[in-house]
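K.L.:
My questions all concern the structure below.
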Amino acid sequence: MQTISAPVWLAFGLLGLSIISLAWDKRYLCLGLCAAAVAAGMAGGALRPVALASIGALFLLAWLATNLGKPATRTVFTVLALALSLALAMHALPGYHNPLLLKNVQFSSHSAPFTMYANFDKGLIGLVLVFFFCQRAQSWKDYSSACWQQAPVLAVMLLAVFGLGWGLGFVKPDFKLSLYLPLFAVVNLLFVCVAEEAFFRGVIQEQLTRFGQPLAVAASALLFGLVHLGGGWKWALLASVAGLGYALLYARTRRVGIAVAAHFLVNLVHFIGFTYPQAI
């Protein structure tokens, strides 16, 4: 792991807290923490001034997409917000120096090497999309009730994903409690799962529901699989199966937090119970 300065750690900590605050719908607190995270990132060198352009543009496009009156105009700005989000997720825009957390770490002798970054740009995507676009549980009671009601769907999804992955030889059972687990869990939840579920379920699937729920679910799952093609066809297939589970859960609850929880649980089971990221 590279040496990371205190202001950079502070920047990611504040951004993470900003994302967490949305679970309680603390919108002004969220914005204040986000502004503080950007300031700390600038002070620590994780962000350069040019990054302010894409940060401001994402907030502006998301606001226009959800506050203008005409549906056609809102759709245009939604597409632009998604395009900018995709560019940020691909790290295609300047001004972001995401710190390297793990490099070529093998969690077991049967696992392929794993590298992990803390991505400020991807965390920002999740924050903005959830803030402007996504419905959230009204209370923890509402959230926990929805989780229990959807437990059978989640169980079937876990069996399908890991049964298929094991059958394809992509992963193998490999129980472990790595010292890296806390770091992996925090980064994966806040800077991966939230952003991906907000993008694919909270915005794309939600927008496509006007054309029918089956189309929205199928498109959300397929697109999620396609963006994983860089890891090979097996990775994309498994991502599509998992994406179908997340999409069904979102369709049944219309709560992005349920999809985020399911996504995180799949990743956590993968990390703890199987070769991660894949078998060799």
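FYI, it's all coordinate maths here, none of it is from the lab. Everything quoted here is computed from the prediction, not taken from an experiment. All Cβ positions, glycine included, derive from the backbone under ideal geometry; neighbour counts span all protein chains shown.
K.L.:
For a quick check: with amide H placed at 1.01 Å from N, whose amide H comes under 5 Å from Asp174's, ignoring anything fewer than 5 positions away on the same chain?
P.N.:
Phe274, Thr275
K.L.:
Of Lys70/Lys234; Lys176/Lys234; Lys26/Lys70; Lys122/Lys176; Lys103/Lys141, which ones are farther than 30 Å apart at the Cα? Walk me through the numbers on the way to the answer.
P.N.:
Working: Lys70/Lys234 42 Å; Lys176/Lys234 23 Å; Lys26/Lys70 28 Å; Lys122/Lys176 28 Å; Lys103/Lys141 40 Å.
Long pairs (Cα-Cα over 30 Å): Lys70/Lys234; Lys103/Lys141.
K.L.:
Then there is this: Taking a ≥ b ≥ c as the square roots of the Cα gyration tensor eigenvalues, with a/c under 1.5 meaning rounded and otherwise prolate when a/b beats b/c, else oblate, which class fits region 54-162? Walk me through the numbers on the way to the answer.
P.N.:
Numbers: a/c = 2.48, a/b = 1.18, b/c = 2.11.
Since a/c reaches 1.5 but b/c is at least a/b, the shape of region 54-162 is classed as oblate.
K.L.:
If you don't mind, another one. For the chain, with a Gaussian network of springs between Cα atoms less than 10 Å apart, report the residue from Ala53, Ala89, Ala219 with the top mean-square fluctuation.
P.N.:
Ala53
K.L.:
State the answer as a single residue: which of Leu88, Pro7, Ala146 lies farthest towards the positive end of the charge dipole of region 6-273, with beta carbon charges of +1 for Lys and Arg and -1 for Asp and Glu, about the Cα centre.
P.N.:
My answer, from the dipole projection, is Ala146.
K.L.:
Please rank Ile55, Ile204, Ile19, Ile280, fewest neighbouring Cβ atoms within 10 Å first, as an exposure proxy. Don't skip to the answer; put the middle values down first.
P.N.:
Details: Ile55 22, Ile204 19, Ile19 25, Ile280 11.
Ordered by Cβ neighbours within 10 Å, fewest first: Ile280, Ile204, Ile55, Ile19.
K.L.:
Compute a Gaussian network model of the chain, connecting alpha carbons closer than 10 Å, and tell me which residue from Trp166, Trp140, Trp63 fluctuates the most.
P.N.:
Comparing Trp166, Trp140, Trp63 in the GNM, the peak value goes to Trp140.
K.L.:
Quick one: dipole size for the chain, taken about the Cα centre, charges +1 on Lys/Arg Cβ and -1 on Asp/Glu Cβ, in debye to the nearest 20. Could the numbers behind the result be given before it?
P.N.:
Numbers: 17 positive and 7 negative charges, 63 e Å.
Charge dipole, the chain, about its Cα centre: 300 debye, nearest 20.
K.L.:
Report the one residue of Gly231, Val192, Gly212 whose Cα lies farthest in the direction of the positive end of the charge dipole of the chain (charges on C-beta: Lys and Arg +1, Asp and Glu -1; origin at the Cα centre).
P.N.:
Towards the positive end, the residue furthest out is Gly212.
K.L.:
Starting from the Kirkwood radius over alpha-carbon pairs of the chain, derive D by Stokes-Einstein at 25 °C in a medium of 0.890 mPa s and give it in µm² s⁻¹.
P.N.:
Details: Rh = 19.3 Å.
Translational D for this selection: 127 µm²/s.
K.L.:
On to the next question. Please find, in a Gaussian network model of the chain (springs between Cα atoms separated by less than 10 Å), the residue of Ala242, Ala72, Ala151 whose mean-square fluctuation is greatest.
P.N.:
Fluctuation is largest for Ala72.
K.L.:
Further, regarding this structure: Positive end of the charge dipole of the chain (Lys, Arg +1 and Asp, Glu -1 on Cβ, about the Cα centre): tell me which of Leu158, Gln106, Tyr117 has its Cα farthest that way.
P.N.:
Farthest towards the positive pole: Leu158.
K.L.:
Evaluate the relative contact order of region 6-273 (contact order divided by residue number), counting alpha-carbon pairs under 8 angstrom at least 6 apart; express in whole percent.
P.N.:
Working: 341 pairs, mean separation 46.1, N = 268.
17 percent.
K.L.:
How big is the gap, in Å, between the Cα center of region 83-138 and the Cα center of region 182-210?
P.N.:
Comparing the Cα centres of region 83-138 and region 182-210, I get a distance of 10 Å.
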